[in-house]
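Single-structure report; data block below.
The values are calculated or read from the model by the stated rules, or taken from the named source; none is laboratory data. Please read all numbers here as calculations on a predicted model, not as lab measurements. Glycine also receives a Cβ, built like all others from the backbone with ideal geometry; neighbour counts cover every protein chain displayed.
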Amino acid sequence: METRETLLRLENVSRAYGFGDRRFTAVEKINLEIQAGEFVALLGPSGCGKSTLLRMVTGLIAPTSGTVYYRGQPVRGVNPYATMVFQSFALYPWLTVRDNVALALEARGEPRETRYSRAEQLIDLVGMDGFESAYPRELSGGMRQKVGFARALAVEPELLCLDEPFSALDVLSAEALRGELMELWTGGLLPTKAILMVSHNIEEAISMADRVVVMGKQPGHIVSEFKIDLPHPRQRKAPAFEALIDRIYGAIAGRTEPEAKEVGTPPGAPGLTRILPNASASALAGMLEHIHEMHGGRCDLYKLDEDLGIELSDLLQTVEMAEMLGFAQVEAGDIQLTLLGQIFAEASILTRKEIFAMRARRLPMFQWMMKMLKAAADQSLPWKVFFAALSLEFPDDIAEQQLDVAIDWGRYAELIDYDDRDEVIRLDPSQGRAVDLVR
Ligand code: ADP
Ligand code: MG
(Lines give C-alpha, C1' and ligand atoms only; values in the text may rest on other atoms or scores of the structure.)
(Ligands and ions follow the chains in the order given, each with its own letter.)
Protein backbone atom coordinates (compact mmCIF):
# COMPACT_ATOMS: atom_id res chain seq x y z
CA MET A 1 0.00 0.00 0.00
CA GLU A 2 1.16 3.49 -0.78
CA THR A 3 1.72 5.75 2.14
CA ARG A 4 0.72 9.37 1.94
CA GLU A 5 3.70 11.55 1.42
CA THR A 6 2.62 15.16 1.51
CA LEU A 7 4.86 17.26 -0.67
CA LEU A 8 3.05 20.56 -0.82
CA ARG A 9 0.66 22.16 1.60
CA LEU A 10 -0.85 25.60 1.28
CA GLU A 11 -2.39 26.90 4.47
CA ASN A 12 -4.73 29.89 4.26
CA VAL A 13 -2.59 31.41 1.56
CA SER A 14 -3.56 34.89 0.34
CA ARG A 15 -1.74 37.22 -1.98
CA ALA A 16 -2.42 40.88 -2.72
CA TYR A 17 -0.73 43.11 -5.27
CA GLY A 18 -0.17 46.88 -5.06
CA PHE A 19 -0.58 49.34 -2.23
CA GLY A 20 -3.17 51.71 -0.80
CA ASP A 21 -6.07 52.38 -3.18
CA ARG A 22 -4.40 50.18 -5.73
CA ARG A 23 -4.26 47.20 -3.41
CA PHE A 24 -5.89 44.21 -4.97
CA THR A 25 -6.38 40.71 -3.57
CA ALA A 26 -5.50 38.15 -6.23
CA VAL A 27 -6.11 35.00 -4.20
CA GLU A 28 -7.63 34.56 -0.78
CA LYS A 29 -7.38 31.82 1.85
CA ILE A 30 -6.26 28.98 -0.37
CA ASN A 31 -5.89 25.57 1.25
CA LEU A 32 -4.44 22.83 -0.88
CA GLU A 33 -2.33 19.70 -0.46
CA ILE A 34 -0.45 17.66 -3.00
CA GLN A 35 0.74 14.13 -2.32
CA ALA A 36 3.60 12.32 -4.00
CA GLY A 37 2.34 10.52 -7.10
CA GLU A 38 -0.41 13.03 -7.82
CA PHE A 39 -1.07 15.03 -10.95
CA VAL A 40 -3.23 17.98 -9.93
CA ALA A 41 -4.77 20.47 -12.34
CA LEU A 42 -5.82 23.98 -11.31
CA LEU A 43 -8.68 25.08 -13.49
CA GLY A 44 -10.34 28.47 -13.67
CA PRO A 45 -11.03 31.57 -15.79
CA SER A 46 -8.19 33.96 -16.43
CA GLY A 47 -7.48 36.33 -13.59
CA CYS A 48 -8.51 33.89 -10.86
CA GLY A 49 -4.96 33.73 -9.57
CA LYS A 50 -3.67 30.46 -10.99
CA SER A 51 -0.28 31.87 -11.98
CA THR A 52 -0.08 33.72 -8.68
CA LEU A 53 -0.50 30.41 -6.86
CA LEU A 54 2.20 28.71 -8.92
CA ARG A 55 4.58 31.61 -8.32
CA MET A 56 4.06 31.18 -4.58
CA VAL A 57 4.56 27.42 -4.80
CA THR A 58 7.85 27.83 -6.65
CA GLY A 59 8.83 30.64 -4.28
CA LEU A 60 9.11 33.34 -6.94
CA ILE A 61 6.82 35.47 -4.80
CA ALA A 62 5.76 35.19 -1.16
CA PRO A 63 2.21 35.05 0.18
CA THR A 64 0.84 38.20 1.81
CA SER A 65 -0.55 35.96 4.52
CA GLY A 66 -0.70 32.25 5.18
CA THR A 67 2.08 29.74 4.54
CA VAL A 68 3.30 27.50 1.75
CA TYR A 69 4.85 24.35 3.21
CA TYR A 70 7.04 21.99 1.25
CA ARG A 71 7.71 18.69 2.99
CA GLY A 72 6.51 20.32 6.17
CA GLN A 73 8.93 23.26 5.96
CA PRO A 74 7.74 26.79 5.18
CA VAL A 75 9.01 27.86 1.76
CA ARG A 76 11.28 30.92 2.06
CA GLY A 77 12.79 32.22 -1.13
CA VAL A 78 12.97 29.98 -4.16
CA ASN A 79 11.62 26.47 -3.57
CA PRO A 80 14.48 24.15 -4.58
CA TYR A 81 12.10 21.19 -5.04
CA ALA A 82 9.84 22.85 -7.62
CA THR A 83 10.43 24.01 -11.18
CA MET A 84 8.16 25.85 -13.53
CA VAL A 85 7.46 25.42 -17.23
CA PHE A 86 5.85 28.54 -18.66
CA GLN A 87 3.52 28.77 -21.61
CA SER A 88 6.08 30.56 -23.72
CA PHE A 89 9.36 28.92 -24.41
CA ALA A 90 12.05 30.54 -22.34
CA LEU A 91 15.03 29.26 -24.32
CA TYR A 92 18.24 31.15 -25.04
CA PRO A 93 18.08 31.87 -28.76
CA TRP A 94 21.88 31.98 -29.15
CA LEU A 95 22.39 28.50 -27.66
CA THR A 96 21.75 25.17 -29.34
CA VAL A 97 19.21 22.73 -27.92
CA ARG A 98 22.06 20.79 -26.28
CA ASP A 99 23.55 23.92 -24.71
CA ASN A 100 20.18 25.17 -23.52
CA VAL A 101 19.66 21.95 -21.57
CA ALA A 102 23.29 21.71 -20.44
CA LEU A 103 23.08 25.22 -19.03
CA ALA A 104 20.20 24.17 -16.77
CA LEU A 105 22.32 21.22 -15.64
CA GLU A 106 25.26 23.50 -14.95
CA ALA A 107 23.07 25.76 -12.86
CA ARG A 108 22.11 22.73 -10.86
CA GLY A 109 25.77 21.83 -10.23
CA GLU A 110 26.07 18.88 -12.60
CA PRO A 111 29.82 18.30 -13.23
CA ARG A 112 31.21 19.27 -16.65
CA GLU A 113 32.12 15.66 -17.61
CA THR A 114 28.58 14.32 -17.31
CA ARG A 115 26.71 17.46 -18.27
CA TYR A 116 26.54 16.76 -21.97
CA SER A 117 25.67 13.08 -21.73
CA ARG A 118 22.91 13.92 -19.27
CA ALA A 119 21.65 16.67 -21.59
CA GLU A 120 21.49 14.15 -24.45
CA GLN A 121 19.51 11.75 -22.28
CA LEU A 122 16.97 14.44 -21.46
CA ILE A 123 16.72 15.49 -25.09
CA ASP A 124 16.04 11.85 -25.95
CA LEU A 125 13.45 11.59 -23.21
CA VAL A 126 11.33 14.39 -24.65
CA GLY A 127 11.67 12.95 -28.15
CA MET A 128 14.05 15.57 -29.54
CA ASP A 129 17.01 13.38 -30.45
CA GLY A 130 18.53 14.46 -33.71
CA PHE A 131 17.94 18.14 -32.89
CA GLU A 132 20.76 18.54 -30.36
CA SER A 133 22.64 21.05 -32.52
CA ALA A 134 19.61 23.00 -33.71
CA TYR A 135 18.95 26.58 -32.59
CA PRO A 136 15.56 27.53 -31.12
CA ARG A 137 14.60 29.56 -34.20
CA GLU A 138 14.90 26.39 -36.32
CA LEU A 139 12.28 24.61 -34.19
CA SER A 140 8.49 24.64 -34.24
CA GLY A 141 6.60 25.90 -31.19
CA GLY A 142 5.90 22.35 -30.07
CA MET A 143 9.59 21.39 -30.34
CA ARG A 144 10.67 24.45 -28.40
CA GLN A 145 8.23 23.61 -25.66
CA LYS A 146 9.71 20.09 -25.51
CA VAL A 147 13.14 21.59 -24.99
CA GLY A 148 11.54 23.75 -22.29
CA PHE A 149 10.35 20.54 -20.61
CA ALA A 150 13.82 18.99 -20.96
CA ARG A 151 15.30 22.06 -19.27
CA ALA A 152 12.79 21.89 -16.44
CA LEU A 153 13.45 18.16 -16.00
CA ALA A 154 17.21 18.77 -15.89
CA VAL A 155 16.68 20.13 -12.42
CA GLU A 156 14.96 16.84 -11.46
CA PRO A 157 12.23 18.72 -9.66
CA GLU A 158 10.18 16.76 -7.18
CA LEU A 159 7.27 18.97 -8.10
CA LEU A 160 6.89 19.99 -11.72
CA CYS A 161 4.78 23.13 -12.09
CA LEU A 162 3.26 23.77 -15.50
CA ASP A 163 1.62 27.12 -16.25
CA GLU A 164 -0.68 26.56 -19.24
CA PRO A 165 2.16 24.74 -20.99
CA PHE A 166 0.17 23.97 -24.13
CA SER A 167 -1.77 27.16 -24.64
CA ALA A 168 0.75 28.85 -26.93
CA LEU A 169 0.83 25.85 -29.27
CA ASP A 170 -1.41 25.06 -32.21
CA VAL A 171 -4.10 22.43 -31.60
CA LEU A 172 -2.22 19.47 -33.07
CA SER A 173 1.13 20.19 -31.43
CA ALA A 174 -0.59 20.74 -28.11
CA GLU A 175 -2.40 17.43 -28.43
CA ALA A 176 0.79 15.58 -29.35
CA LEU A 177 2.77 17.10 -26.51
CA ARG A 178 0.03 16.32 -23.97
CA GLY A 179 0.09 12.71 -25.09
CA GLU A 180 3.86 12.51 -24.81
CA LEU A 181 3.93 14.10 -21.38
CA MET A 182 1.29 11.65 -20.16
CA GLU A 183 3.26 8.70 -21.50
CA LEU A 184 6.36 9.81 -19.64
CA TRP A 185 4.42 10.51 -16.47
CA THR A 186 2.29 7.36 -16.35
CA GLY A 187 5.29 5.29 -17.42
CA GLY A 188 7.26 6.56 -14.42
CA LEU A 189 9.95 7.98 -16.70
CA LEU A 190 10.04 11.49 -15.26
CA PRO A 191 12.42 12.39 -12.44
CA THR A 192 9.42 13.98 -10.76
CA LYS A 193 7.11 12.98 -7.92
CA ALA A 194 4.12 15.20 -8.59
CA ILE A 195 2.79 17.59 -11.20
CA LEU A 196 0.80 20.76 -10.62
CA MET A 197 -0.60 22.09 -13.88
CA VAL A 198 -2.56 25.27 -14.49
CA SER A 199 -5.16 25.13 -17.22
CA HIS A 200 -8.21 27.00 -18.34
CA ASN A 201 -9.33 24.15 -20.52
CA ILE A 202 -11.72 21.76 -18.79
CA GLU A 203 -11.10 18.83 -21.09
CA GLU A 204 -7.35 19.22 -20.93
CA ALA A 205 -7.52 19.13 -17.13
CA ILE A 206 -9.81 16.11 -17.03
CA SER A 207 -7.86 14.19 -19.63
CA MET A 208 -4.58 14.52 -17.74
CA ALA A 209 -5.00 15.00 -13.99
CA ASP A 210 -5.86 12.76 -11.04
CA ARG A 211 -7.54 15.66 -9.32
CA VAL A 212 -9.03 18.85 -10.73
CA VAL A 213 -9.21 21.85 -8.43
CA VAL A 214 -11.65 24.44 -9.75
CA MET A 215 -11.04 28.11 -8.93
CA GLY A 216 -13.30 31.13 -9.15
CA LYS A 217 -12.35 34.79 -9.04
CA GLN A 218 -12.89 38.12 -7.28
CA PRO A 219 -10.87 37.26 -5.32
CA GLY A 220 -9.35 33.97 -6.45
CA HIS A 221 -10.57 31.06 -4.35
CA ILE A 222 -11.11 27.32 -4.58
CA VAL A 223 -14.66 26.43 -5.59
CA SER A 224 -14.51 22.66 -5.57
CA GLU A 225 -12.39 19.62 -6.28
CA PHE A 226 -12.96 16.54 -8.38
CA LYS A 227 -11.15 13.25 -8.22
CA ILE A 228 -10.59 11.76 -11.67
CA ASP A 229 -9.92 8.07 -11.44
CA LEU A 230 -10.24 7.05 -15.08
CA PRO A 231 -7.38 4.92 -16.45
CA HIS A 232 -4.90 6.35 -18.96
CA PRO A 233 -4.86 6.91 -21.87
CA ARG A 234 -8.25 8.54 -21.46
CA GLN A 235 -10.77 8.51 -24.22
CA ARG A 236 -12.76 11.71 -24.46
CA LYS A 237 -15.72 10.14 -26.18
CA ALA A 238 -15.95 7.26 -23.72
CA PRO A 239 -19.19 7.36 -21.69
CA ALA A 240 -17.38 7.52 -18.35
CA PHE A 241 -15.31 10.48 -19.53
CA GLU A 242 -18.35 12.32 -20.81
CA ALA A 243 -20.26 11.62 -17.62
CA LEU A 244 -17.42 13.14 -15.64
CA ILE A 245 -17.20 16.23 -17.84
CA ASP A 246 -20.91 16.61 -17.49
CA ARG A 247 -20.65 16.40 -13.70
CA ILE A 248 -17.91 19.01 -13.56
CA TYR A 249 -19.73 21.33 -15.97
CA GLY A 250 -22.82 20.87 -13.84
CA ALA A 251 -20.96 21.76 -10.67
CA ILE A 252 -19.56 24.97 -12.09
CA ALA A 253 -22.69 25.95 -14.02
CA GLY A 254 -24.77 26.76 -11.00
CA ARG A 255 -28.39 25.76 -10.67
CA THR A 256 -30.98 27.99 -12.26
CA GLU A 257 -34.70 27.61 -12.29
CA PRO A 258 -35.10 27.37 -16.07
CA GLU A 259 -32.45 24.68 -16.15
CA ALA A 260 -33.96 22.68 -13.32
CA LYS A 261 -37.35 22.85 -15.01
CA GLU A 262 -36.02 21.81 -18.36
CA VAL A 263 -33.66 19.05 -17.35
CA GLY A 264 -35.75 17.86 -14.44
CA THR A 265 -38.19 15.94 -16.65
CA PRO A 266 -38.62 12.46 -15.21
CA PRO A 267 -37.44 9.77 -17.62
CA GLY A 268 -40.27 8.33 -19.68
CA ALA A 269 -42.48 11.39 -19.17
CA PRO A 270 -43.84 12.73 -22.45
CA GLY A 271 -40.65 14.64 -23.01
CA LEU A 272 -41.05 18.27 -23.75
CA THR A 273 -41.99 20.01 -20.57
CA ARG A 274 -41.29 23.43 -21.85
CA ILE A 275 -40.31 25.35 -24.91
CA LEU A 276 -36.74 26.10 -25.92
CA PRO A 277 -36.25 29.87 -25.85
CA ASN A 278 -36.29 31.39 -29.30
CA ALA A 279 -32.64 32.44 -29.36
CA SER A 280 -29.63 31.50 -31.45
CA ALA A 281 -26.32 30.01 -30.38
CA SER A 282 -24.39 32.86 -31.98
CA ALA A 283 -26.46 35.46 -30.11
CA LEU A 284 -25.74 33.58 -26.90
CA ALA A 285 -22.00 33.49 -27.59
CA GLY A 286 -22.00 37.21 -28.43
CA MET A 287 -23.92 38.11 -25.30
CA LEU A 288 -21.73 36.06 -22.96
CA GLU A 289 -18.60 37.49 -24.53
CA HIS A 290 -19.93 41.02 -24.14
CA ILE A 291 -20.90 40.59 -20.48
CA HIS A 292 -17.54 39.02 -19.76
CA GLU A 293 -15.36 41.53 -21.55
CA MET A 294 -17.23 44.78 -21.13
CA HIS A 295 -18.80 44.28 -17.73
CA GLY A 296 -16.49 41.89 -15.88
CA GLY A 297 -19.08 39.12 -15.79
CA ARG A 298 -22.03 40.98 -14.27
CA CYS A 299 -24.28 43.74 -15.52
CA ASP A 300 -27.71 45.28 -15.40
CA LEU A 301 -30.02 43.34 -17.67
CA TYR A 302 -31.72 46.45 -18.99
CA LYS A 303 -28.45 48.02 -20.09
CA LEU A 304 -27.67 45.05 -22.27
CA ASP A 305 -30.27 45.66 -24.95
CA GLU A 306 -28.86 49.13 -25.63
CA ASP A 307 -25.31 47.80 -25.65
CA LEU A 308 -26.06 44.94 -27.98
CA GLY A 309 -28.59 46.79 -30.09
CA ILE A 310 -31.20 44.07 -29.99
CA GLU A 311 -34.84 44.06 -29.01
CA LEU A 312 -35.53 43.49 -25.34
CA SER A 313 -37.76 40.52 -26.09
CA ASP A 314 -34.97 38.86 -28.10
CA LEU A 315 -32.50 39.66 -25.37
CA LEU A 316 -34.68 38.03 -22.73
CA GLN A 317 -34.93 34.87 -24.80
CA THR A 318 -31.14 34.78 -25.06
CA VAL A 319 -30.84 35.31 -21.32
CA GLU A 320 -33.20 32.42 -20.73
CA MET A 321 -31.12 30.28 -23.04
CA ALA A 322 -28.02 31.18 -21.03
CA GLU A 323 -29.80 30.22 -17.83
CA MET A 324 -31.08 26.97 -19.26
CA LEU A 325 -27.57 25.93 -20.26
CA GLY A 326 -26.07 27.06 -16.95
CA PHE A 327 -23.98 29.93 -18.34
CA ALA A 328 -25.61 32.74 -16.39
CA GLN A 329 -27.93 33.53 -13.53
CA VAL A 330 -30.32 36.41 -13.19
CA GLU A 331 -30.81 38.01 -9.82
CA ALA A 332 -32.22 41.38 -8.83
CA GLY A 333 -32.26 42.61 -12.42
CA ASP A 334 -28.60 41.75 -12.99
CA ILE A 335 -27.24 39.01 -15.15
CA GLN A 336 -24.21 37.26 -13.70
CA LEU A 337 -22.08 34.75 -15.57
CA THR A 338 -21.51 31.45 -13.82
CA LEU A 339 -18.00 30.01 -13.71
CA LEU A 340 -18.92 27.87 -16.71
CA GLY A 341 -20.17 31.00 -18.50
CA GLN A 342 -16.83 32.71 -17.85
CA ILE A 343 -14.90 29.73 -19.14
CA PHE A 344 -17.15 29.60 -22.21
CA ALA A 345 -16.60 33.31 -22.90
CA GLU A 346 -12.83 32.85 -22.84
CA ALA A 347 -12.69 29.58 -24.73
CA SER A 348 -11.71 28.97 -28.35
CA ILE A 349 -14.54 28.35 -30.82
CA LEU A 350 -13.92 24.60 -30.69
CA THR A 351 -13.99 24.43 -26.92
CA ARG A 352 -17.13 26.59 -26.87
CA LYS A 353 -18.84 24.13 -29.15
CA GLU A 354 -17.84 21.25 -26.89
CA ILE A 355 -19.08 22.99 -23.77
CA PHE A 356 -22.29 23.94 -25.51
CA ALA A 357 -22.81 20.38 -26.76
CA MET A 358 -22.34 18.89 -23.30
CA ARG A 359 -24.96 21.22 -21.89
CA ALA A 360 -27.44 21.05 -24.77
CA ARG A 361 -27.59 17.30 -25.05
CA ARG A 362 -29.02 17.04 -21.54
CA LEU A 363 -32.13 18.87 -22.63
CA PRO A 364 -35.15 16.63 -23.30
CA MET A 365 -35.55 18.10 -26.78
CA PHE A 366 -32.08 16.92 -27.83
CA GLN A 367 -32.31 13.63 -25.96
CA TRP A 368 -35.48 12.89 -27.85
CA MET A 369 -34.21 14.00 -31.26
CA MET A 370 -30.90 12.20 -30.95
CA LYS A 371 -32.53 9.02 -29.73
CA MET A 372 -34.84 9.04 -32.75
CA LEU A 373 -31.95 9.71 -35.13
CA LYS A 374 -29.72 7.04 -33.65
CA ALA A 375 -32.49 4.50 -34.10
CA ALA A 376 -33.14 5.52 -37.72
CA ALA A 377 -31.63 3.61 -40.64
CA ASP A 378 -28.98 6.07 -41.83
CA GLN A 379 -29.17 8.18 -38.69
CA SER A 380 -31.42 10.65 -40.40
CA LEU A 381 -35.14 11.38 -40.55
CA PRO A 382 -37.31 13.76 -42.54
CA TRP A 383 -37.97 17.10 -40.90
CA LYS A 384 -41.68 16.29 -41.23
CA VAL A 385 -41.37 13.38 -38.80
CA PHE A 386 -40.19 15.68 -36.02
CA PHE A 387 -42.68 18.32 -36.99
CA ALA A 388 -45.56 15.85 -36.83
CA ALA A 389 -44.49 14.67 -33.38
CA LEU A 390 -44.14 18.20 -32.07
CA SER A 391 -47.48 19.27 -33.55
CA LEU A 392 -49.17 16.91 -31.14
CA GLU A 393 -47.94 19.11 -28.29
CA PHE A 394 -47.66 22.58 -29.81
CA PRO A 395 -49.54 24.74 -32.30
CA ASP A 396 -47.99 24.44 -35.78
CA ASP A 397 -46.15 27.75 -35.76
CA ILE A 398 -44.55 27.00 -32.39
CA ALA A 399 -43.64 23.47 -33.48
CA GLU A 400 -41.90 24.87 -36.53
CA GLN A 401 -40.09 27.51 -34.52
CA GLN A 402 -38.98 24.89 -31.98
CA LEU A 403 -37.43 22.84 -34.75
CA ASP A 404 -35.68 25.93 -36.12
CA VAL A 405 -34.21 26.61 -32.70
CA ALA A 406 -33.20 22.98 -32.16
CA ILE A 407 -31.48 22.91 -35.55
CA ASP A 408 -29.62 26.15 -34.84
CA TRP A 409 -28.38 24.91 -31.45
CA GLY A 410 -27.73 21.41 -32.79
CA ARG A 411 -25.62 22.74 -35.66
CA TYR A 412 -23.56 24.93 -33.38
CA ALA A 413 -22.99 22.00 -31.02
CA GLU A 414 -22.40 19.62 -33.92
CA LEU A 415 -25.02 17.29 -32.50
CA ILE A 416 -27.40 17.32 -35.44
CA ASP A 417 -27.52 18.87 -38.88
CA TYR A 418 -30.26 19.78 -41.34
CA ASP A 419 -30.13 19.67 -45.10
CA ASP A 420 -32.80 21.93 -46.57
CA ARG A 421 -32.51 20.45 -50.06
CA ASP A 422 -33.94 17.09 -48.99
CA GLU A 423 -35.48 18.44 -45.76
CA VAL A 424 -33.75 15.81 -43.68
CA ILE A 425 -32.38 16.11 -40.16
CA ARG A 426 -29.39 13.93 -39.45
CA LEU A 427 -27.13 13.05 -36.59
CA ASP A 428 -23.82 14.83 -36.91
CA PRO A 429 -21.17 12.23 -37.76
CA SER A 430 -19.01 13.28 -34.82
CA GLN A 431 -21.80 12.18 -32.48
CA GLY A 432 -22.58 8.60 -33.40
CA ARG A 433 -19.13 7.15 -32.77
CA ALA A 434 -18.43 5.81 -29.31
CA VAL A 435 -14.65 6.08 -29.22
CA ASP A 436 -12.52 8.49 -31.13
CA LEU A 437 -9.19 10.03 -30.57
CA VAL A 438 -6.94 8.63 -27.95
CA ARG A 439 -5.81 11.62 -25.97
P1 ADP B 1 -4.43 33.71 -13.82
O2 ADP B 1 -3.10 33.06 -13.97
O3 ADP B 1 -5.47 32.83 -13.18
O4 ADP B 1 -4.94 34.30 -15.08
P5 ADP B 1 -2.98 35.68 -12.27
O6 ADP B 1 -2.44 34.98 -11.09
O7 ADP B 1 -2.05 35.97 -13.38
O8 ADP B 1 -4.28 34.92 -12.77
O9 ADP B 1 -3.59 37.08 -11.80
C10 ADP B 1 -4.59 37.18 -10.80
C11 ADP B 1 -4.97 38.63 -10.65
O12 ADP B 1 -3.88 39.34 -10.10
C13 ADP B 1 -5.31 39.29 -11.97
O14 ADP B 1 -6.37 40.18 -11.76
C15 ADP B 1 -4.05 40.04 -12.33
O16 ADP B 1 -4.34 41.21 -13.06
C17 ADP B 1 -3.48 40.39 -10.97
N18 ADP B 1 -2.00 40.41 -11.00
C19 ADP B 1 -1.19 39.40 -11.36
N20 ADP B 1 0.10 39.74 -11.25
C21 ADP B 1 0.12 41.02 -10.83
C22 ADP B 1 1.16 41.96 -10.51
N23 ADP B 1 2.45 41.63 -10.60
N24 ADP B 1 0.78 43.19 -10.10
C25 ADP B 1 -0.52 43.53 -9.99
N26 ADP B 1 -1.55 42.70 -10.25
C27 ADP B 1 -1.25 41.45 -10.66
MG1 MG C 1 -1.93 32.75 -15.67
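List of remarks:
- All positions within the range 80-102 that are touching a residue at least 24 places away in the same chain (Cβ under 8 Å), more than 16 Å from ligand 1 (Cβ to nearest atom) and of a type outside the set (A, V, I, L, M): Tyr81, Thr83, Phe89, Tyr92, Pro93, Trp94, Thr96, Arg98, Asn100
- Hey, Pro395 touching a Leu at 6+ places or on another chain (Cβ under 8 Å) and farther than 17 Å from Glu242 by Cβ or not: no
- Exactly one residue out of Ala119, Ala168 is touching a helix residue (DSSP H, G or I) at 6+ places or on another chain (Cβ under 9 Å) and surrounded by 21 or more Cβ atoms within 10 Å (Cβ to Cβ): that is Ala119.
- Among (1) modelled with pLDDT under 90; (2) surrounded by fewer than 14 Cβ atoms within 10 Å (Cβ to Cβ); (3) not in a loop (DSSP other than H, G, I, E, B) - the single one Lys371 does not satisfy: (1)
- The residue of the range 1-19 that is farthest from Val214 (Cα to Cα), among those that are without any contact (Cβ under 8 Å) to a residue 24 or more places away in the chain and more than 13 Å from ligand 1 (Cβ to nearest atom), is Met1.
- Residues satisfying the stated conditions in the range 227-249, i.e. touching a strand residue (DSSP E or B) at 6+ places or on another chain (Cβ under 9 Å), within 16 Å of Leu340 (Cα to Cα) and surrounded by 15 or more Cβ atoms within 10 Å (Cβ to Cβ): Leu244, Ile248
- Residue ranges of helices (runs of 4 or more DSSP H) in the range 81-189 with at least 3 members farther than 27 Å from Ser348 by Cα and among the basic types (Lys, Arg): 112-125
- Unique residue being in a strand (DSSP E or B), within 16 Å of ligand 2 (Cβ to nearest atom), within 27 Å of the chain's Cα centre (by Cα) and in the same structural domain as Phe149 (by TED's automatic domain parsing) when the list is Arg15, Arg55: Arg15
- Flag if Ile202 is more than 20 Å from Leu160 (Cβ to Cβ) and surrounded by 22 or more Cβ atoms within 10 Å (Cβ to Cβ): yes
- The residue that is farthest from ligand 1 (Cβ to nearest atom), among those in the range 132-149 that are surrounded by fewer than 24 Cβ atoms within 10 Å (Cβ to Cβ) and among the aliphatic types (A, V, I, L, M), is Ala134.
- Applying the criterion of being of a type in the set (Gly, Ala, Ser) and within 11 Å of ligand 1 (Cβ to nearest atom) to the residues of the range 26-68, the residue that is nearest to Met208 (Cα to Cα) is Gly44.
- Remark: Gly148 falls outside the filter, which requires a residue to be over 26 Å from Tyr81 (Cβ atoms) and in the same structural domain as Glu33 (by TED's automatic domain parsing).
- Failed condition for Gln317, given (1) of a type in the set (S, T, N, Q); (2) more than 20 Å from the chain's Cα centre (by Cα); (3) surrounded by fewer than 15 Cβ atoms within 10 Å (Cβ to Cβ): (3)
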